[in-house]
């Protein structure tokens, strides 16, 4: 998703599983801030923006809400456009709950 032509991200928020020197080097080359906490066995400790990292929780919860829809969780659709259409429908359905409640 980082390579999408629409818009270059300012930062990549990821968990410790993405703490690799190759990933960090690629992000530096693309001028993207790496907000990835270092693994506990890393010899040289790497600092990360803790305030920005807390925003990752919102992203994880959004994916959890989208995966309630079976078609998104199992990725039935073969084409990217039809899968994106399902994601749009699921987000609209989720959004309508809040609009209706207001």
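Every number here is computed from the coordinates shown, using simple stated rules; none is lab data. On a predicted model such as this, the values are computed, not experimentally measured, just so you know.
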**OP:** Would you please calculate the Kirkwood hydrodynamic radius of the chain over all C-alpha pairs and express it in Å, rounded to one decimal?
**Re:** 16.2 Å
**OP:** Would you mind calculating the gained length between residue 26 and residue 39 on full extension (0.36 nm times residue separation, minus the Cα-Cα distance), in nm to one decimal?
**Re:** 2.9 nm
**OP:** For the stretch 59-102, go through all pairs of different Cα atoms, get the mean of 1/r, take its inverse, and jot down that Kirkwood value in Å.
**Re:** 10.9 Å
Original post:
With axes computed from alpha carbons, what is the tilt in degrees of helix 80-101 against the longest principal axis of the chain, rounded to the nearest 10 within 0 to 90?
Top reply: 70 degrees
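As a test of the formula, what do you get for the chain when each DSSP H run with n ≥ 4 contributes -39,500 (n - 2.57) and the sum is divided by the residue count, at 222 nm and rounded to the nearest 500 deg cm²/dmol?
Details: 5 runs with 51 residues, N = 102.
Estimated from H runs of four or more residues: -15000 deg cm²/dmol.
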